[in-house]
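A.B. asks: First the structure, which I've put down as structure tokens, then a few questions once you've had a look.
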Amino acid sequence: MPWPSYVAFLAIAAAVVVIPGPDFAVVAGNTAAGGRRRGMWCAAGIALSNAIQGTAAVVGLGALVVNAQPVFLAIKWAGALYLTYLGIVLLRAAVRGRYAAVPSGPGGGVARGWRQGFLSNITNPKVLVFYLAVLPQFLTPEMGSLALAAFALSHALLSLVYLVALATVIHVARTLLSRRPVRRTLDAVTGVALVGFGARLALDRS
């Protein structure tokens, strides 16, 4: 394992992870709506998607998808539409201002949280482009399979740790966030952010 290169990659990956984006908005919205458990499952869905895309980039599938323009565009538009859909759902909730009680059973909406996290990330081709643009700078032909896996999965692990911490912080503040005016404001801000991310993805020509 080339440790200096690995540490440099971790620094870049960590910087990318903490920049607020669709992952931040989706986890924040799910935690506010369903609590820490749902937020953590949403984070797990995002991390799994990152792991899949990182592995695909390392084995060469990522480049194939990006270079196959119709496939890339299909993923791009699916991601843009899905982010826009999630944003509109939150905006409608903010306008209505009526919130059902959080489910108290063992499910607690975790399946919905995981699904939203996974789908919002797997349909974002920018994640795959990040891996394809950054990973080759640190990989060498001499690397073994374990080293390749470490590079591919480290970004996913960093995103999981950060987003789980985010869900925990939001859950702690949930007493404040559960107040109707605050919740409506949070849903409105998150909804606008998600619609904006969807529009930016759709209009991006890269």
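Any read-out appearing in this document is the output of simple, stated calculations on the displayed coordinates, not a laboratory observation. For clarity, every value in this text was computed on a predicted model and none was experimentally measured. Don't worry about glycine lacking a Cβ; one is built from the backbone with ideal geometry, like all the others, and counts go over all protein chains shown.
A.B. asks: By per-residue mean of other Cβ atoms within 10 Å, what is the highest-first order of 55-61, 169-175, 39-45?
C.D. replies: 39-45, 55-61, 169-175
A.B. asks: To test your reading of the geometry: what angle, between 0 and 90 degrees and rounded to tens, separates the Cα axis of helix 145-172 from the longest principal axis of the chain?
C.D. replies: 20 degrees
A.B. asks: So which residue, out of Leu91, Leu64, Leu166, gets the largest mean-square fluctuation from a GNM of the chain using Cα contacts under 10 Å as springs?
C.D. replies: Of the options given, Leu64 has the highest mean-square fluctuation.
A.B. asks: Does region 3-203 come out rounded, prolate or oblate by the C-alpha gyration tensor, with a ≥ b ≥ c the root eigenvalues, rounded set by a/c under 1.5 and, if not, prolate when a/b is larger than b/c and oblate if not?
C.D. replies: The shape class here is prolate.
A.B. asks: Tilt of helix 180-203 relative to the longest C-alpha principal axis of the chain, in degrees (0 to 90, nearest 10)?
C.D. replies: Value to nearest ten degrees: 30.
A.B. asks: About the Cα centre, and with charges only on the beta carbon of Lys, Arg (+1) and Asp, Glu (-1), how big is the dipole of the chain? Nearest 20 debye, please.
C.D. replies: Dipole size: approximately 1140 debye.
A.B. asks: Now for a different question. Between 0 and 90 degrees, rounded to the nearest ten: what's the tilt of helix 36-59 against the longest Cα principal axis of the chain?
C.D. replies: The helix 36-59 is inclined about 20 degrees to the chain.
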